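One structure is given below, encoded as structure tokens.
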Amino acid sequence: MLTASGHPSFDERLQPAANSLRLAVVCILLYLTPAATSLAASPSSTSSVTLTWVASTSTNVTSYDVYYGTTSGSYTQVVSAGDVTQMTITGLTPGTTYFFAATSSDDASLESLYSNEIEVVVPAGRPDGSLPELSLSRAGSNSVLQWPTNFPGYTLQWSTSPAGAWTDLTSSPSNSGSYFAYTNTTSAAQGYYRLMR
């Protein structure tokens, strides 16, 4: 509607809509409340990672969620941490790279944006730091050695004596299901094998 001066005036009938718009803006600002910051991690074992973060600056935060996956920015798993600033994620695959981020939620169940993303490589080894298990079987006159494929980057060596000189078996192992497999066709009365990294 126009005033006597020809300028549009504010129609009081639009006041509820304007209030709703203000409320929506406030809700968006609440949603954008800073999340947890300074997310950091330290591998606890070959299948777990302990995460820590700095609490959100919001005073009404009630819980935190940790998101993670094997692709940066694409999180396929989420775990609720509760109202704490540390959590251990278990059930991870050794030798795999994971990406983590955290969010905070307030007492109105509004969730923040993601924190900083961190990249963690879960160690490919046992919790005590020892090497993966190496199994040996016979196939006719050949020796077949196998170790799990989630322990990449190891070199297979052999020797005629456990105290003797070790020689790399330079041929690349084949991939047999969930195992690396190396077939030694060299005839020998006795041999010793080990994995080195």
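Residue pairs whose Cβ atoms lie under 6 Å apart, sitting 6 or more positions apart in sequence or on different chains, and linking a residue in the range 170-182 that is farther than 10 Å from residue 145 by Cβ to a partner that is surrounded by 10 or more Cβ atoms within 10 Å (Cβ to Cβ), are 174/181; 178/149.
Here's the yes/no breakdown for (1) at pLDDT 65 or above; (2) part of a strand (DSSP E or B); (3) surrounded by 11 or more Cβ atoms within 10 Å (Cβ to Cβ); (4) touching a His at 6+ places or on another chain (Cβ under 7 Å):
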{"position": "21", "(1), (2), (3), (4)": "no, no, yes, no"}
{"position": "67", "(1), (2), (3), (4)": "yes, yes, yes, no"}
{"position": "78", "(1), (2), (3), (4)": "yes, yes, yes, no"}
{"position": "94", "(1), (2), (3), (4)": "yes, no, yes, no"}
{"position": "114", "(1), (2), (3), (4)": "yes, no, yes, no"}
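Looking only at residues in the range 138-151 that are surrounded by 11 or more Cβ atoms within 10 Å (Cβ to Cβ) and among the polar types (S, T, N, Q), which one is farthest from residue 180 (Cα to Cα)? Taking the candidates together, the pick is 142. Could you say which residue among 159, 135, 109, 141 is among the hydroxyl-bearing types (Ser, Thr, Tyr) and at pLDDT below 75? None of the other options fit; the residue is 141. Suppose the filter is at pLDDT 85 or above, in contact with a Gly (Cβ under 6 Å, 6 or more places away or on another chain) and assigned by TED's automatic domain parsing to the domain that holds residue 110; does residue 38 pass it? It is false that residue 38 is at pLDDT 85 or above, in contact with a Gly (Cβ under 6 Å, 6 or more places away or on another chain) and assigned by TED's automatic domain parsing to the domain that holds residue 110.
The values are calculated or read from the model by the stated rules, or taken from the named source; none is laboratory data. Just so it is clear, the structure is predicted and the values come from calculations on it, not from any experiment. For neighbour counting, all protein chains shown are included, and Cβ atoms are generated from backbone atoms with ideal geometry for every residue, glycine included.
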